[in-house]
Amino acid sequence: MPFFFAFSDCEAAEAVARRLCADRPGLGVVPHGSGRPWIVGHWPDASPLVVRHRDNAVALVGSYAADEAELARRTRAVRTPTDLDALAASLPGQFHVVAAVAGHLRVQGTAYGTRRVFHGRTGSVVVAADRAAELAALLGAPVDTAQLALRLFHPVPAPLDQRALWHGVEAVPPGSALVVTEGRTARTHRWHRPPEPHLGAAEGATAVREALRAGVALRTTGGGLISADLSGGMDSTAICFLAAGRLRDTRLIACTSTGDETENEDGHWARLAARALPDTEHLVIGEHELPLFYDGVLDDRDRWDAPSPFAVSRNRATALVARMAARGSRLHLTGIGGDHLFFGGAVHYHSLLTRRPWLALSRLRGYRTLYAWPRREVLRELADRRGYREAFAGLTVRTSGSLSLSRPGFGWMHPLVVAPWFTPDCLDTAERVLADAAGSVRPYAADRARHVELAAVYSGTQDVRAYDDAARQAGVPVAHPFFDDHVVDAALSVRPEDRATPWAYKPLLARAMTGIVPERNLTRSTKGDGTPDAVAGLHRHREELAALWEDSALAEAGLVDPGRLRRLCLAPGSPELADNALYSTLACESWLRTARRAVTASPGRST
């Protein structure tokens, strides 16, 4: 998997970098002007783009729309680390910026978390890295069991879900950069803030369309064979048509997995779209060709920064990618992220109720009809005007919440789903973590709805990083243009009443894709549901899932009751498995096993 470490230009940091290179032969090294190691890592797709001007140097790592001449021009204007703030904001793609400027090391990822930055100390030296798991291995850092205990509950309240899961490994928040001085002192610098929603539907659709075009163009440049998901949903269909419109020396395969077509309309809508795609091959994999959910839930190759629900569907989610690897695809595009940006939600009208009451009440009546919400529940939640910290302080692990859509969810956060197999120690530990955080946590925005949607985006980009690794293991790197900073900025710039409505499905994206995607595909108002496939997988794999708890890492840590889990896995129809409660437990079990092995096997140790 790609990864890198970044080091300051000083003797103490040089010693750490040299030791790393000795322990792991074959790593690439980009030096400081002094000759000391600056960036050390593994980058199989392309080496970092590096330019130098006098004593300063700037490197881009990832996918970006810039060449050496342009980066050199920008670097000549840099005098201090903060002068780099505008660089990432001006370039499409998903990439890290690593800079050595005026004696400082600056490392930043993306604004919304597709690329992260972590840091830790070995001796007196601050080391930066793009992967928490790799940094933990270098430092010999032990797993923070208390933080892991909270990850068993879902959904984990933001921003606690963005914390690193090892002692001594610190996470830099998305949209912030790490600045290290003389290798010893570290601080974070906020370089990006989400835009205020100020655009109307027409302007917003234009902004989204141009941002998506730029993101897809970046990935389709370079020729060869690429592939893309064509699920039948609006998101992947948009990506496919944008990619097909860019074909010159590039060939495209659109890939569909149909699922159970007696329950799911995705295959029908994908075929309709494929008929209109120019110069594009359409590959369809039927339900019986796909692995079921829970197939391959453990994989020794995992080195994920955090537990991810992708562990539960790993082999199923990467089945198309594996096919494309056999065909020679150099890159696979997905529509992941579209739901996070364009689906919207009724929580916006909780916030709009005081500013646009008649519009809010009209839309809320629509949502209540659509989801059959009890009127009393809607009124109760609308009356809840607590601030973020008050709501956070009200979280409890002693009773379980529900993720059912049959109840409105207008809160800052969902109640935690508490599984019956969590031990008393697990409950006590999670309760302590919440209590310790209660006095200092801050929302992502003062507006409740904006906080909720940003929390969903940051959670989504965290999960997608695990999928990226699984896809590479299947043979092809993947890209998610919807999660490009420019695309997210464009979507969030649009007023919520133009993005979220009960009367239309993803109206902003539909308007943005008018004239690009066939109108019939833009009028689809249904969405495929993988629940029947998940239930079938639980039945098929119940014996191996039950056996998993016989040597459970979570049980050894005192967090789960393995006997109860064994019994429930052998009774997959049990109501105690509702709300996908098993997903987070399996994700944490898989993650903890590989995290422990990685630290045990690592030659790196903190000093």
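The values are calculated or read from the model by the stated rules, or taken from the named source; none is laboratory data. Everything quoted here is computed from the prediction, not taken from an experiment. In this analysis, Cβ positions are derived from the backbone assuming ideal geometry, glycine residues included, and neighbour counts consider all displayed protein chains.
Assorted remarks:
- Residue list for region 3-31, filter: assigned to a strand (DSSP E or B) and not small (Gly, Ala, Ser): 3, 4, 5, 29, 30, 31
- Considering only residues in region 478-508 that are among the aromatic types (Phe, Trp, Tyr) and at pLDDT 95 or above, the one that is surrounded by the most Cβ atoms within 10 Å (Cβ to Cβ) turns out to be 482.
- The set of residues from region 298-308 being over 16 Å from residue 151 (Cβ atoms) and not acidic (Asp, Glu) comprises 298, 301, 303.
- Hits in region 543-579 - residues which are touching a Pro at 6+ places or on another chain (Cβ under 8 Å) and not hydrophobic (A, V, I, L, M, F, W, C): 550, 552, 564, 576
- Of all residues in region 457-494 being of a type outside the set (Ser, Thr, Tyr) and assigned to a loop (DSSP other than H, G, I, E, B), the one that is nearest to residue 202 (Cα to Cα): 484
- Among the residues of region 290-318, those that are farther than 27 Å from residue 136 by Cα and touching a Ser or Thr at 6+ places or on another chain (Cβ under 7 Å) comprise 290, 293.
- Helices (runs of 4 or more DSSP H) lying entirely in region 123-222 (those with 1 or more residues that are in contact with a Pro (Cβ under 7 Å, 6 or more places away or on another chain)): 145-152, 201-220
- If only residues of region 336-394 that are under 17 Å from residue 506 (Cβ atoms) and small (Gly, Ala, Ser) are counted, the one that is nearest to the chain's Cα centre (by Cα) is 337.
- Residue 321 meets the stated requirement of being surrounded by 24 or more Cβ atoms within 10 Å (Cβ to Cβ), within 27 Å of the chain's Cα centre (by Cα) and not in a loop (DSSP other than H, G, I, E, B).
- Taking region 226-266 as the range and being touching a Ser or Thr at 6+ places or on another chain (Cβ under 6 Å), at pLDDT below 90 and crowded, with 20+ Cβ neighbours inside 10 Å as the test, only 266 passes.
- Among residues of region 32-82, those that are assigned to a strand (DSSP E or B) and within 29 Å of the chain's Cα centre (by Cα), counted: 14
- Residues in region 466-477 that are surrounded by fewer than 19 Cβ atoms within 10 Å (Cβ to Cβ) and touching a Ser or Thr at 6+ places or on another chain (Cβ under 8 Å): 473 alone.
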